[in-house]
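Take a look at the structure below.
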Amino acid sequence: MEGDFIKINKWLLPFSWLYGLGIKFRNMLFEMDILKSKSYSVPVISVGNITVGGTGKTPHVEYLADLLRHQFHVAVLSRGYKRKSKGFVKADAQSTMPEIGDEPFQMKQKFPDVTVAVDKNRCHGIEQLTDNDKQLDVILLDDAFQHRYVKPGINILLVDYHRLIIYDTLLPAGRLREPLQGKDRADVVIITKCPKELKPMEFRVIIRAMNLYPYQQMFFTTLEYDALRPVFKETKGDIDLRHLQNTNVLLLTGIGSPEQLEHDLSPLASHITPLVFSDHHQFKPKDIARINDTFAAMPSPKCIITTEKDTTRLLTVEGLSDEVRKNIYLLPVRIIFMQDQEDTFNKYIIDYVRKNSRNSILVKRKDDNKPDNGNHSGDRPRTISFRNN
């Protein structure tokens with residue numbers, strides 16, 4: 001199992017124990033209702049994790065937004081990490097990346113018909129959205145699994161296949177932000193970034209090892225990539241990934257966990273040179289010089305591949321060489337459900353929103369005022385059954 005190779009710093013375990021005491025005490029205050037979790041009339045779906053590092057939150061939130069936006073009025077509420085603004089900000093066509101943060105900016109650019117807002121205080125953000133838009137059907141909370149002041153209708157926990165939480169430990173010795181028992185709050189657990197060649201036995205081993213409760217559902221997703229797209233107008237047209245076989249690639253990333261990306265691209269290119277920055281990294285002049293120099297030293301034919309999230313920050317920097325600007329591409333990524341689970345997951349999400357949206361509740365209340373004709377066949381919500389293969 002991949003999780004067997006997780007590095008634990010044993011010298012830091014005493015500090016992890018102290019950290020765990022603090023987190024357990026906080027969670028206990030919520031369980032005892034001393035700290036309050038608030039529910040809302042509008043459906044709320046939370047997507048998050050209990051680890052530091054990337055688990056694929058943004059692609060999964062984008063998957064949900066794309067799934068729902070064709071039938072419902074959707075809003076995405078994010079913290080807006082490292083943004084320059086304060087308080088509640090609702091994005092519009094003129095919003096900039098520094099104003100709302102790289103991930104919200106990416107989502108607004110990709111889905112202009114979806115409401116995107118940022119607020120560190122998720123309760124305040126939800127209230128602003130619902131007070132100002134009575135037609136809102138559902139709110140997607142980005143990275144809010146540990147924000148327990150909101151009680152979502154569906155709580156989705158993402159777990160990186162390459163760093164399974166069952167083999168990890170608490171900060172600072174490991175990468176868990178709270179004890180493993182935190183997974184019990186999830187309604188849905190998704191094992192992300194799975195290798196496409198995962199065997200049926202490996203699915204069963206993970207399902208058994210995760211030891212979920214009967215009320216929890218588990219899904220598996222993998223990443224799929226589309227053709228490379230130019231970042232700047234100086235760059236030539238799209239490039240099919242199959243055409244990289246003789247190309248030297250500079251893989252430029254500032255995301256949580258770039259290892260899967262490098263693993264996936266390595267068989268396609270002649271050679272991969274990784275240039276790794278921290279998640280949400282704000283590129284400084286010395287970083288730009290490093291990018292220029294590294295690319296200039298590489299043999300041709302060559303190109304630069306970066307992520308959609310990194311593109312939102314690179315577009316605002318100055319000093320990139322002409323050679324870099326002409327040869328840098330972004331790699332679009334999509335979420336693919338494995339084991340033919342996509343229809344089951346989609347139905348679960350859509351049924352929840354349809355049954356709980358404020359507009360549906362208003363229709364139901366009007367129907368309640370109609371004379372009783374004795375036909376109650378539609379009164380009881382249908383039960384959705386799940387089976388982990």
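The values are calculated or read from the model by the stated rules, or taken from the named source; none is laboratory data. For clarity, every value in this text was computed on a predicted model and none was experimentally measured. Methodologically, a virtual Cβ is constructed for each residue, glycine included, from the backbone with ideal geometry; neighbour enumeration extends over all protein chains shown. The area values use the complete protein model at the heavy-atom level, side chains included, leaving out ligands, DNA and RNA. Shrake-Rupley method; radii C 1.70, N 1.55, O 1.52, S 1.80 Å.
Can you confirm whether residue 190 is surrounded by 21 or more Cβ atoms within 10 Å (Cβ to Cβ), assigned to a helix (DSSP H, G or I) and not acidic (Asp, Glu)? Taking the combined requirement at face value, the residue does not satisfy it. In summary, residue 213 fulfils each of the numbered conditions (1) hydroxyl-bearing (Ser, Thr, Tyr); (2) more than 26 Å from residue 341 (Cβ to Cβ); (3) surrounded by fewer than 16 Cβ atoms within 10 Å (Cβ to Cβ) with the single exception of condition (2). The helices (runs of 4 or more DSSP H) found wholly in segment 254-368 and carrying at least 3 residues that are within 22 Å of the chain's Cα centre (by Cα) occupy 259-265, 308-314, 342-356. It is to be established whether one or more residues within segment 3-14 are aromatic (Phe, Trp, Tyr) and open to solvent by 50 Å² or more (accessible area, probe 1.4 Å). Checked against the condition, which is being aromatic (Phe, Trp, Tyr) and open to solvent by 50 Å² or more (accessible area, probe 1.4 Å), segment 3-14 yields at least one hit. If you filter segment 15-57 down to residues that are among the charged types (D, E, K, R) and open to solvent by 70 Å² or more (accessible area, probe 1.4 Å), you find that the one that is nearest to residue 101 (Cα to Cα) is 38. For residue 60, are the conditions met, namely being open to solvent by 80 Å² or more (accessible area, probe 1.4 Å) and either farther than 23 Å from residue 282 by Cβ or not β-branched (Val, Ile, Thr) (or both)? It is false that residue 60 is open to solvent by 80 Å² or more (accessible area, probe 1.4 Å) and either farther than 23 Å from residue 282 by Cβ or not β-branched (Val, Ile, Thr) (or both). When residue 206 is tested against (1) part of a loop (DSSP other than H, G, I, E, B); (2) at pLDDT 95 or above, just one condition goes unmet, and that condition is (1). Only one of the numbered conditions (1) closer than 30 Å to residue 213 by Cα; (2) touching a Pro at 6+ places or on another chain (Cβ under 9 Å); (3) modelled with pLDDT of 95 or more is violated by residue 346, and that is (2). Of the candidates 79, 122, 148, 83, the single residue that is free of Cβ contacts under 8 Å to residues at least 40 places away in the same chain, over 21 Å from residue 332 (Cα atoms), surrounded by 16 or more Cβ atoms within 10 Å (Cβ to Cβ) and of a type in the set (Lys, Arg) is 83.
Matching residues to (1) part of a strand (DSSP E or B); (2) of a type in the set (Ser, Thr, Tyr); (3) open to solvent by less than 40 Å² (accessible area, probe 1.4 Å):
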| position | (1), (2), (3) |
| --- | --- |
| 223 | yes, no, yes |
| 235 | no, yes, yes |
| 242 | no, no, no |
| 249 | yes, no, yes |
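Among the residues of segment 121-148, those identified as among the acidic types (Asp, Glu) and in contact with a Ser or Thr (Cβ under 8 Å, 6 or more places away or on another chain) are 133, 137, 142, 143.
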